[in-house]
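Shown next, in structure tokens, is the structure this report addresses.
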Amino acid sequence: MRIAGSIPLSARQPGQATTIVQVGPVAFGGPRVVLIGGPCAVEGRDQVIRAARAVREAGGSMLRGGAWKPRTSPYDFQGLGAEGLQHLVEARDATGLPFVTEVLDPRDVELVATHADMLQIGSRSVQNFPLLREAGQSGKPVMLKRGMMTTVGEWLHAAEHVLAAGGRHVVFCERGIRTFEPTLRNTLDVGSVAVLREMTHFPVIVDPSHAAGESRFVAALARAAVAAGADGLLIEMHPDPAAALSDAVQSLDPAQFAELAISCRAVARAVGRDL
């Protein structure tokens, strides 16, 4: 609460309503909880189109997929780059779902913004200030993921970099933080959802996939996020998780994704929303 004066563009003023962030036909921050699904990494045209169709059939309203992938090891699959971006465009054309994809390099912002409906700043890039400024100047909405060791204050200031550079719309994405507890991949900070909904007028969504690290826990964390007031869910779903080149263990298959949608829809209705 003490940092409100240092984030004039993102701080919620008394009585201020949540800013609706429009991404194509999708509205973040309204009465409907936005369900986003898709693979961690774009591996090919058929894979991402199959994923997009499964998202749409389950009632999802937006596609996710990484054309460029930041990997801990330089020898792991790094994504298809511009080719993957084109596959995402084809998946949007085939299903009507707008898509969000991560941009890693300030030099790629213009290319990605030309094709994507929303730019994602990943957890490793949340304090890459040149990238934040470029994303803010792109004219596209920005999904800002929390870093695994980023405080709420640092996260809010990262958004301020985007907004001070000319960005108008930011969506915060909680994805778990690194703590002393090793049971799950990260610790989902559900409390940050409630805190941010008070501190900022921009929408807040949750990525339970990266917090869980294992597919069997994703739905439970997703339901907790909706109950806490999240404006959306970002879920990793692959047509064939066992064959995924990135984050296979935490990826849901289409049937599991559909089940998650049903259970989260029930929670949303219980708290006066829809999904």
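The values are calculated or read from the model by the stated rules, or taken from the named source; none is laboratory data. Here the structure is a predicted model, which is why all the values come from computation and not from measurement. Neighbour counts are summed over all protein chains in view; Cβ atoms, including those assigned to glycine, are modelled from backbone coordinates with ideal geometry.
Here is how the numbers come out for the structure above:
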| item | result |
| --- | --- |
| Qualifying residues in segment 68-86 (those that are among the small types (Gly, Ala, Ser) and without any contact (Cβ under 8 Å) to a residue 24 or more places away in the chain) - the one surrounded by the most Cβ atoms within 10 Å (Cβ to Cβ) | GLY81 |
| Test set (1) more than 19 Å from ALA159 (Cα to Cα); (2) of a type in the set (Gly, Ala, Ser); (3) in contact with a strand residue (DSSP E or B) (Cβ under 9 Å, 6 or more places away or on another chain) - GLY122 fails condition number | (1) |
| Members of segment 163-183 found to be buried (at least 18 other Cβ atoms within 10 Å of the Cβ) and either in contact (Cβ under 8 Å) with a residue 40 or more places away in the chain or in a loop (DSSP other than H, G, I, E, B) (or both), listed by number | LEU163, GLY167, HIS169, VAL170, VAL171, CYS173, GLU174, ARG175, GLY176 |
| Scan of segment 217-252 for residues that are among the acidic types (Asp, Glu) and at pLDDT 95 or above, ordered by number | ASP231, GLU236, ASP240 |
| Residue satisfying condition, being more than 29 Å from ILE3 (Cβ to Cβ), of a type in the set (Val, Ile, Thr) and touching a Phe, Trp or Tyr at 6+ places or on another chain (Cβ under 7 Å), within set ILE262, ILE235 | ILE235 |
| Boolean, ARG124 is surrounded by fewer than 16 Cβ atoms within 10 Å (Cβ to Cβ) and among the basic types (Lys, Arg) | yes |
| Given (1) surrounded by 15 or more Cβ atoms within 10 Å (Cβ to Cβ); (2) not in a loop (DSSP other than H, G, I, E, B), number of the condition GLY30 does not satisfy | (2) |
| Flag if SER215 is closer than 30 Å to GLY15 by Cα and touching a residue at least 40 places away in the same chain (Cβ under 8 Å) | no |
| Test: GLY65 is in contact (Cβ under 8 Å) with a residue 60 or more places away in the chain and surrounded by 18 or more Cβ atoms within 10 Å (Cβ to Cβ) | no |
| Pick from segment 26-47, criterion in contact (Cβ under 8 Å) with a residue 12 or more places away in the chain and over 17 Å from the mean Cα position of the chain (by Cα), ranking: farthest from ALA248 (Cα to Cα) | PRO31 |
| So ARG53, is it touching a Leu at 6+ places or on another chain (Cβ under 8 Å), among the charged types (D, E, K, R) and surrounded by fewer than 18 Cβ atoms within 10 Å (Cβ to Cβ) | no |
| Qualifying residue in segment 128-140 (condition: under 24 Å from ALA222 (Cβ atoms), touching a strand residue (DSSP E or B) at 6+ places or on another chain (Cβ under 7 Å) and either aliphatic (A, V, I, L, M) or surrounded by fewer than 22 Cβ atoms within 10 Å (Cβ to Cβ) (or both)) | no |
| Pick from segment 218-275, criterion of a type in the set (Ser, Thr, Tyr) and in contact with a Lys or Arg (Cβ under 7 Å, 6 or more places away or on another chain), ranking: surrounded by the fewest Cβ atoms within 10 Å (Cβ to Cβ) | SER263 |
| Per-region count, segment 231-269, residues part of a loop (DSSP other than H, G, I, E, B) and touching a residue at least 12 places away in the same chain (Cβ under 8 Å) | 12 |
